[in-house]
1. Name the residues in region 54-73 that are in a helix (DSSP H, G or I) and among the β-branched types (V, I, T), would you?
2. Scan region 33-48 and give yes if some residue there is at pLDDT 75 or above and surrounded by 15 or more Cβ atoms within 10 Å (Cβ to Cβ), otherwise no.
3. Looking at S51, S94, S25, S21, can you tell me which residue is surrounded by 14 or more Cβ atoms within 10 Å (Cβ to Cβ) and either at pLDDT 70 or above or under 16 Å from the mean Cα position of the chain (by Cα) (or both)?
4. Residue check: is T67 of a type outside the set (G, A, S), in the same structural domain as G111 (by TED's automatic domain parsing), closer than 30 Å to L113 by Cα and at pLDDT 75 or above?
Amino acid sequence: MAAIDVRGVTERYGDVTALRSLDLSVEEGEIYGFPIVRLVVYAVNGFESPSTNPEWATVLLTVNPTTAVRTAIHGWIPSLFRATFGGPPGSGESAFYQDPAFGAVVLVVWGVLVPVVGYLRFRRADL
């Protein structure tokens, strides 16, 4: 049984046809590295990149300093970034971890708590 079986995939960008009537069948266990296969997987997923991260991992990914800076800056100066955060469809609200205040708290924790813990561990070390 085919893991991916698509017939007649066509992709157009305005007047330009990028892909015309593609048929593809990939059996379970087969590995393909051809770029067209990636395009088909992209199309099958509704033109979204497939994610290997579970839903709950999104919150954990937002507590790194780089994402926290981006979240904080995006909230205070949204014109710096063209993309916007979006919540679930129809909710009109963004998740708590996309709030600029959350980004600021994460930055304070990384900027204050982490060096303090490192300092205390160094002081207690037997060198």
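1. Narrowing region 54-73 to residues in a helix (DSSP H, G or I): 57-61, 65-73.
Matches in region 54-73: T58, V59, T66, T67, V69, T71, I73.
2. In the first step, residues of region 33-48 are kept if they are at pLDDT 75 or above; the result is none.
No: zero hits.
3. Values: S51 fails: surrounded by 14 or more Cβ atoms within 10 Å (Cβ to Cβ); S25 fails: surrounded by 14 or more Cβ atoms within 10 Å (Cβ to Cβ); S21 fails: surrounded by 14 or more Cβ atoms within 10 Å (Cβ to Cβ).
On inspection, the qualifying residue turns out to be S94.
4. Numbers: of a type outside the set (G, A, S): yes; in the same structural domain as G111 (by TED's automatic domain parsing): yes; closer than 30 Å to L113 by Cα: yes; at pLDDT 75 or above: yes.
Yes, satisfied.
The values are calculated or read from the model by the stated rules, or taken from the named source; none is laboratory data. The shown structure was predicted, so the numbers you read here are calculated from the model rather than taken from an experiment. We place every Cβ from the backbone using ideal geometry, glycine too, and count neighbours over all the protein chains shown.
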